[in-house]
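> Structure provided below as structure tokens; questions to follow.
The values are calculated or read from the model by the stated rules, or taken from the named source; none is laboratory data. On a predicted model such as this, the values are computed, not experimentally measured, just so you know. Glycine gets a Cβ as well: all are built from the backbone with ideal geometry, and neighbour counts include every protein chain shown. Ligands, DNA and RNA are stripped out before the accessible areas are found, and what is left, the full protein with its side chains, is counted by its heavy atoms. Shrake-Rupley method; radii C 1.70, N 1.55, O 1.52, S 1.80 Å.
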Amino acid sequence: MAKMAATAGLVPEDAITLWSNAITASDSQMPIGRVLAAYPTIPFLATTLLESVSPIGISAPVLLTACVLAALASVWLVSFRRAGLPLLAALTATVLLALHPALLRAAIAGPAEIMLAGFLYLLSRSLYDIRARSAAPEVMAVALAMLGLTFTHPMGAALACAAVPLLVFALRPELLAGSVINLIVALVFPTLFCVVAFTYMSWVFPGSGWSFLVAPSEGLAAWTVGFSRLFGRGLSGSLAIDAGIAVAVALLLAAPVVPVAIGWILRRRPLVGPPVVIIVMTMAAAGIAVVTGLFGDPAALAVMPPILAAVIMVRVPVVRERLAFAVALLVVGWIGGIAGLVILDPRGAINVSVAMDGGRMDTERAAAINLGNATIGRDGILVDTFSAPAVVLGRGRAKGLLSPSDDAFTFGVRFSRIEAPFIAVPDPLVGAGVQDRLNKAFPTLYWRGAPGYRVVYQNANWRLFARD
């Protein structure tokens, strides 16, 4: 099922890379430096641990995602009941939110995005807590939520950056009368300390460097193309501002209970402050991602509406007093969530539509997975898994693959000598083949092979050579 979603183009490349790296690390085929400096850290380590204890054939990312989604739904159900919702209303609200299109999209996208949803919910709850009682536990909850966001997903790091100047609006006025800077430092210090430490560790260990700072630019470029097709020249003339507007429009469509509830409590600042901070923070994060290009595309922010709707249902008493209307708004939000996804993730919406029609979007990824299947039972395959991580998924194991982290691969490329039993190389004119290290070192390898090698498998994009 996971591989079907991958070949249909529903799973982003970052999730494929994370899964491939987790398989490689669990097979002890990844240098310790790359393990320690891997990003996003939390989903990578969790997937690696689960991959190491799961039987072969079990998709660790899918299992991890299912566990996180189930935990999130369980927390919501318990919270709704504790807030006083009747059992039927609590179950209905939980189902509508847990199966919200935006949350299902995050689940399909992999562990990083569903964990982003979990930490965003934790931050939203914590902002209400710190407004009610700004003691050490509440301060630490906000600080840990921001830390979790930063090391769970690149867009989580953008959210954390956007949240820093907005935290003052979520704090109690009496605290602002004291030392605002000290309190903000206490909230931000754990994240700042870990970012500095992680940066140093990434700099020390070779093979990682500063790569964790920059998400693949292809993701943002593809999102920009889809967004431009949807809105033409845009709404304001600025893509960053348009991205923020798109977040606000997606919220109105996917979680109408949020703006309606804010209208009900507009004069009650302790209740209004936290959701407004989350909304503005998300809009600002979308703009930051577009302007800097450091955090990938804003599509992951589509998960905010159902998360904020769950918090509103728990923390705003007037919503529970008008429960029937609030549940009806959740139903409208579930339907509107589809339109919200079209706005924030137009490329993903197209992929889903094509997949539902039985089409296959990512033939290149399918070819890499098929090559991986063809390598099962063969060891010593020289292949650039960095540019084509789906090969590892198709094989199911990293053992037996000689990737760029292996000395055999490095020496072969550096000294232009190939002695491995097998060589797998993609078409140099198609997709990942342009960046493939073997193609760069041996420009004619795909077309002519190597002396003493013959083709034993080929598909639309790949050729597998075996030594005679």
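> Rounding to the nearest 20 debye, state how big the charge dipole of the stretch 1-130 is about its Cα centre with +1 on each Lys and Arg Cβ and -1 on each Asp and Glu Cβ. Write out the running numbers ahead of the final one.
Details: 6 positive and 6 negative charges, 71 e Å.
Here the size comes out at about 340 debye.
> Could you provide, to the nearest whole Å², the per residue accessible area of the stretch 376-468 with probe 1.4 Å? List each step's numbers first, then the result.
Numbers: 4490 Å² over 93 residues.
Solvent-accessible surface per residue comes out at 48 Å².
> What order do you get for 388-398, 406-416 when each peptide is scored by the mean count of other beta carbon atoms within 10 Å, highest first?
Values: 388-398: 24.3, 406-416: 13.9.
Going from most to least packed, we get 388-398, 406-416.
> Hey, another quick one. How high is the relative contact order of the stretch 372-456, given as a whole-number percent (alpha carbon pairs under 8 Å, six or more residues apart)? Don't skip to the end; give the middle numbers.
Working: 110 pairs, mean separation 22.7, N = 85.
RCO, the stretch 372-456: 27 percent.
> In whole Hz and in residue order, list the ³J(HN,Hα) couplings for the stretch 97-106 that follow from phi through the Karplus curve 6.51 cos²θ - 1.76 cosθ + 1.60, θ = phi - 60°; x for Gly and Pro.
Working through the residues one at a time gives 7, 5, 9, 5, x, 5, 6, 5, 4, 5 Hz.
> On to the next question. If one computes the Cα centroid of the stretch 443-468 and of the stretch 78-140, what distance in Å separates the two points?
About 52 Å separates the Cα centre of the stretch 443-468 from the one of the stretch 78-140.
> Same structure again: What list of ³J(HN,Hα) values in whole Hz, one per residue of the stretch 119-128 in order, does the Karplus curve 6.51 cos²θ - 1.76 cosθ + 1.60 (θ = phi - 60°) give from phi, with Gly and Pro shown as x?
Once rounded to whole Hz, the list reads 6, 5, 5, 4, 5, 4, 5, 5, 5, 5.
> Here is a further query. Please give the charge dipole size of the chain, origin at the Cα centre, charges +1 on K and R Cβ atoms and -1 on D and E Cβ atoms. Round to the nearest 20 debye.
Values: 32 positive and 24 negative charges, 138 e Å.
So the magnitude is around 660 debye.
> Can you give the % of DSSP beta bridges in the chain that are antiparallel, to the nearest 5?
Of those bridges, close to 70 percent are antiparallel.
> Still on this structure, I have one more. Averaged per residue, what accessible surface does the stretch 66-181 expose to a 1.4 Å probe, in Å²?
Values: 4280 Å² over 116 residues.
It amounts to 37 Å² per residue over the stretch 66-181.
> Related question: Sum -39500 (n - 2.57) across every DSSP H segment of at least 4 residues in the chain, then divide by the residue count to get the 222 nm mean residue ellipticity, nearest 500.
Working: 25 runs with 307 residues, N = 468.
Calculated mean residue ellipticity at 222 nm is -20500 deg cm²/dmol.
> Further question on the same structure: With the cut-off at 1.5 for a/c, could you classify the stretch 384-433 from its C-alpha gyration tensor as rounded, prolate or oblate? Please report the intermediate quantities before stating the final value.
Working: a/c = 1.94, a/b = 1.19, b/c = 1.64.
Oblate, because a/c is 1.5 or more while a/b does not exceed b/c.
> Determine, from the Cβ-Cβ distance of CYS194 and SER54 and an R0 of 35 Å, the FRET efficiency 1/(1 + (r/R0)^6), rounded to the nearest 0.05.
Working: r = 28 Å, r/R0 = 0.80.
Working from the Cβ atoms, E equals 0.80.
> Could you tell me what percent of the accessible area of the chain is made up of carbon and sulfur, with a 1.4 Å probe and every protein chain present? Walk me through the numbers before you get to the answer.
Working: 13520 of 20300 Å².
It is 67 percent, rounded to a whole number.
> Tell me, what HN-Hα J-couplings in whole Hz come from the Karplus equation 6.51 cos²θ - 1.76 cosθ + 1.60 at θ = phi - 60° for each residue of the stretch 363-370, using x for Gly and Pro?
Rounded to whole hertz, the list is 5, 5, 5, 4, 5, 5, 5, 5.
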